[in-house]
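The values are calculated or read from the model by the stated rules, or taken from the named source; none is laboratory data. The structure displayed is predicted, hence computed values, not measured ones. So basically every Cβ, Gly included, is an ideal-geometry build from the backbone, and we count neighbours across all protein chains shown. We work out accessible area using only protein heavy atoms, side chains counted, and drop any ligands, DNA or RNA first. Shrake-Rupley method; radii C 1.70, N 1.55, O 1.52, S 1.80 Å.
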Amino acid sequence: YDIGPYTFEPFKLVWKRSTKKFEACVLTTLPLHNGVEKLAVPNGNLMMIPFTDECEAHYFCALLNSSIARSEINASICTKAHMGIIDVISIPAFSTKIALHRQLASLSKDAHAKAKAGCDLAAIELEVDQCAAALWGIDDEALGRYRERVRSHGDTDEMDGETECGETPDEGQMILKA
């Protein structure tokens, strides 16, 4: 596995390589003993995108965790969720000048804090989905189909070799990559 300066960036967007249920999170530091924290360095079982800016990392994390993106990504996973799997969607560059971008970053930070505390994420997930739909110009009806597709994808994350590749989108479903 390649190690370079990017390995030691302060914020890393990561997801499991072996999965059929895509989920991403932002890693920063990990607590050790006596209040000491060390920079997280993921192993080869995780895919990683490094960031120097925390808000930008959380913006990308929110969009990748939206039902819209997860629906497209999950349908594209054959055996592994390699780096290229996120190419099935198009994510606009982050800008601190765009309120919706800042809101998505904030929602991701809130979701991370609530997940760490063991809280329910349904309300934040809905808000992320609504913001992502606004960003990508997706109406409420289509958003409902994306949400249902992610819910019906199953709760298991085990790779059983039966995941279909390149599923054809449902009628009226939008492909996000041009």
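In region 1-104, the inverse of the mean reciprocal separation of distinct Cα atoms equals 14.6 Å; this is its Kirkwood hydrodynamic radius. Solvent-accessible area assigned to carbon and sulfur over region 1-153 amounts to 54 percent, based on a 1.4 Å probe. Summing Lys and Arg as +1 and Asp and Glu as -1 over all other residues whose Cβ lies under 11 Å from the Cβ of Ala57 gives a net charge of -2.
Legend: residue pairs Lys21/Lys97; Lys12/Lys38; Lys12/Lys109, Cα-Cα distance threshold 25 Å; pairs beyond threshold, Lys21/Lys97. Accessible surface for region 2-83, divided over its residues, is 46 Å² per residue with a 1.4 Å probe.
At R0 = 30 Å, how high is the FRET efficiency between Ala93 and Ala40 if r is their beta carbon distance? Nearest 0.05 is fine. Don't skip to the end; give the middle numbers.
Details: r = 25 Å, r/R0 = 0.82.
That pair, Ala93 with Ala40, gives E of 0.75.
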